[in-house]
Amino acid sequence: MRSYLFRRRRNSETEPLLGEPGPSRVQQNEQTQANSGMAEIGVSQAALVEPRGDTGRKFPQYIAALTATLGALAAGSMLGWSSPVIFKIIQANNTDYDFEVSSSQGDWISSLINLGAAAVCFPIGLIMDVLGRKKTMLCLVLPFTIGWLLITFASNVGMLMAGRFITGVAGGAFCVTAPAYTSEIAQDSIRGTLGSYFQLMITVGILFSYIVGSFTSVFVFNILCTLIPIIFGIVFFFMPESPNFLVVKGRNEDAKAALVRLRGTSYDVDAELNTLMAKAEEAKNNPVSFLSAITKKTALKAILICYALMLFQQLSGINAVIFNTSTIFASAGAAIPAATATIIIGVIQVVATFVSSLVVDRLGRRVLLLFSALVMCVCSTALGVYFFMQGIHGADSSIVQSISWLPLLSLSLFIIAFSLGFGPIPWMMAGELCLIDIKAFVGSTAGTFNWLLSFTVTSTFNSLNQSIGQGQVFWMFAGIMLVGFIFIFFVIPETKGKSVDEIQIMLGAEPQEQNVTTKK
C-alpha cells in the first residue's frame, strides 16, 4: 500500500480525524472549493505549493533514528573485523585460535559476510512487511548474537566461516530494515539527515573494529562485538513502530500514539494521521497488483536510480583504495604502521560521513552525489597515473619519487568524497523514491545487488591487478565514476525536503485533482 509520511497541514475545523464527528455541509463545500483532494499518486498542484508547517519536535526522531542505527554499528564492526583479525590468525604462530588458518581460508572468512548479506536482503523485505520494521530488527539480534558466539568460540575453520556467514545475514538485513524505518519515522525537513546516520554508524563500527581489534586480543574483541547487537536490542525495544506500517495494518490508534511520541504533543498529529489513513484507504479501495505497481513509469525510474547508485557505489573503487591504504602511505614516505594507517582512514570516513549528515538536507542529495562522483573520478585518475608510472619506471625512480605526495593526497580526498556522497546516499534513496507498496522489494533487491557486487569486486581485484595492471584498474574505476556523474546529472532528481507525492511527480507521475469527501 502507499501510505507514507506526508507533511501537509490540516484545517482542524474541516478535516477531522477519521471516526470523529465531521464538519457541517457548508463548511465541507467551502473547503472542497478551496482545496482539492489527494489523487491516486499525488495531490493537487495547490497542495504541492501550500506551505507546510514544521512544528513537530525533532529530538525524539533523532533518538529513534540513532537507536535504530545501533544495528548499523553492529554491521560496521562486522565489516571492519577482517582488517585487524585476519592478519593475526593467518600467522604461523597464531595463538588466538586452536587451529591454523591458511591465507586462502582467510580470504573466504573475510568475504563470506557478503554472501550472507546478499542471501537475506530479498526475504527480509517480505518479512518486515509482515512483522513490521521494529519487530524485524529486534529479531535480528538473535542471528547476530549466534554468529558472534560461533566466531568467538570457534574450534575449527568451519565454525569460523559459519559465524561470519550468519553475522553477514544479520548485517545485510539491517542494511534494508534500518533505512526503511528511519525514512518512515522522519519529517521531510530532516529525513536526509536521519537517513545518513545509517552510513555514519557503519563507519563508526568499522573504526571501532580498526582500533579495538588492533590493540586487544581477538577473544576480547569478539566479546565486545557480541555485546553491540544485545545493547541495540535492549535500547530499541522502547522505540515506536513505524506509523506507516501501523496504518497499513489498520492499527490507527497505535499509529497515532507513535506519531505523538515522535512529533510531540504540541504537533497536530491528526493531520499527518489523516493523510496516512486516506492514502491507505484509497489503496485498499483501488487495489493494484504487485506487477502493476512495480511496472509503473515512476516505479521503473525509481528502481533504475536505486540499482544504478548501488552499482556506482561498489564500482567506484572504494575497496581498491582501502586495500591499497598501506601501500599508498608507504609510497608517500610516511613511516606509519599498517594498523595506524587503517585507523587514520577510518577516522577520515567517520568525520566526512558526519559532515554529510549535517549538510545533506541543506545542499541536497544530488549536489553531494555529483561532487562525490567528480572528486572520486579525479582521484582515481591520479592514483592510476602514480601506479602506472611506478610499474613503468620503478618505485625508486626519480620521476616516481617526485610525485610521492600524490597517492596520499588522492587517497584522503577520495575517502572524503565517498563518505560525503556515495557512501550514505545510495542506501537512503529506496526509502525516498519508492512508495510503500514496493519499497521493501526495491530496498531488499538493491541491497542484494550491492552485496553481490561487493563480493565480486573484493574477490576479483587482485586478479584484475595482475591481468591489466594496477594503474589501469584505477583508470577503469575513474571511467565508471565519469559515467556515474553523467547519470546523476541527467537522471536523478533532487529529493531534499520533498514529500513522497512531490517526489513521485518528479519521477514522472501526473498530478490529478479530485474532491475530498469527508466522512459524515
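For the stretch 384-442, which positions are among the acidic types (Asp, Glu) and more than 27 Å from Ser356 (Cβ to Cβ)?
Asp396, Asp437, listed by residue number.
Would you mind finding the one in Val247, Val220 that is open to solvent by 40 Å² or more (accessible area, probe 1.4 Å) and either hydrophobic (A, V, I, L, M, F, W, C) or on the phi < 0 side of the Ramachandran plot (or both)?
Result: Val220 is the single residue among Val247, Val220 that is open to solvent by 40 Å² or more (accessible area, probe 1.4 Å) and either hydrophobic (A, V, I, L, M, F, W, C) or on the phi < 0 side of the Ramachandran plot (or both).
Of the numbered conditions (1) within 15 Å of Ile113 (Cα to Cα); (2) among the aliphatic types (A, V, I, L, M); (3) in contact (Cβ under 8 Å) with a residue 24 or more places away in the chain, Ile185 satisfies every one except a single condition; which is it?
Checking Ile185 against (1) within 15 Å of Ile113 (Cα to Cα); (2) among the aliphatic types (A, V, I, L, M); (3) in contact (Cβ under 8 Å) with a residue 24 or more places away in the chain, the one that fails is (1).
Scan the stretch 398-408 and give yes if some residue there is within 24 Å of Ile206 (Cα to Cα) and in contact with a helix residue (DSSP H, G or I) (Cβ under 9 Å, 6 or more places away or on another chain), otherwise no.
Among the residues of the stretch 398-408, at least one is within 24 Å of Ile206 (Cα to Cα) and in contact with a helix residue (DSSP H, G or I) (Cβ under 9 Å, 6 or more places away or on another chain), which makes the answer yes.
Within the group Leu304, Leu309, which residue is within 21 Å of the chain's Cα centre (by Cα) and surrounded by fewer than 23 Cβ atoms within 10 Å (Cβ to Cβ)?
Leu304
Under the condition of being of a type in the set (Val, Ile, Thr) and part of a helix (DSSP H, G or I), which residue from the stretch 71-99 is surrounded by the fewest Cβ atoms within 10 Å (Cβ to Cβ)?
Here the residue is Ile86.
Could you give me the residue pairs with C-beta distances under 9 Å whose first residue belongs to the stretch 80-96 and is free of Cβ contacts under 8 Å to residues at least 24 places away in the same chain, whose second residue is part of a helix (DSSP H, G or I) and open to solvent by 70 Å² or more (accessible area, probe 1.4 Å) wherever it lies, and which are 6+ apart or on separate chains?
These pairs meet every condition: Ile90/Ser103.
What number goes with the only condition from (1) among the aliphatic types (A, V, I, L, M); (2) open to solvent by 10 Å² or more (accessible area, probe 1.4 Å); (3) over 13 Å from Gln61 (Cβ atoms); (4) under 26 Å from the mean Cα position of the chain (by Cα) that Met239 does not pass?
(3)
Does any residue in the stretch 247-265 that is over 15 Å from Ile185 (Cβ atoms) come within less than 9 Å, Cβ to Cβ, of a residue that is open to solvent by 50 Å² or more (accessible area, probe 1.4 Å) and not in a helix (DSSP H, G or I) six or more places away or on a different chain, and which pairs are these?
Asn252/Leu18; Asn252/Gly19; Thr265/Arg57
Picking from Leu358, Leu369, which residue would you name as being open to solvent by 30 Å² or more (accessible area, probe 1.4 Å), aliphatic (A, V, I, L, M) and farther than 25 Å from Phe87 by Cβ?
Leu358 is the lone residue from the list that is open to solvent by 30 Å² or more (accessible area, probe 1.4 Å), aliphatic (A, V, I, L, M) and farther than 25 Å from Phe87 by Cβ.
Quickly run through the stretch 393-419 and pick out the residues that are open to solvent by 10 Å² or more (accessible area, probe 1.4 Å), part of a helix (DSSP H, G or I) and modelled with pLDDT under 90.
His393, Ser398, Ile399, Gln401, Trp405, Leu406, Leu408, Leu409, Ser412
Please determine, by comparing only the residues of the stretch 257-292 that are small (Gly, Ala, Ser) and over 14 Å from Leu246 (Cα atoms), which one is farthest from the chain's Cα centre (by Cα).
Ser266
So, of the residues in the stretch 333-355 that are over 17 Å from Leu409 (Cα atoms) and in contact with a Leu (Cβ under 8 Å, 6 or more places away or on another chain), which turns out to be most open to solvent (accessible area, probe 1.4 Å)?
My answer is Phe354.
The values are calculated or read from the model by the stated rules, or taken from the named source; none is laboratory data. Since we're looking at a predicted model, the values are computed, not measured. Every residue, glycine among them, receives a Cβ derived from its backbone with ideal geometry; neighbour counts consider all protein chains shown. Only protein heavy atoms, including side chains, enter the accessible area calculation; ligands, DNA and RNA are left aside. Shrake-Rupley method; radii C 1.70, N 1.55, O 1.52, S 1.80 Å.
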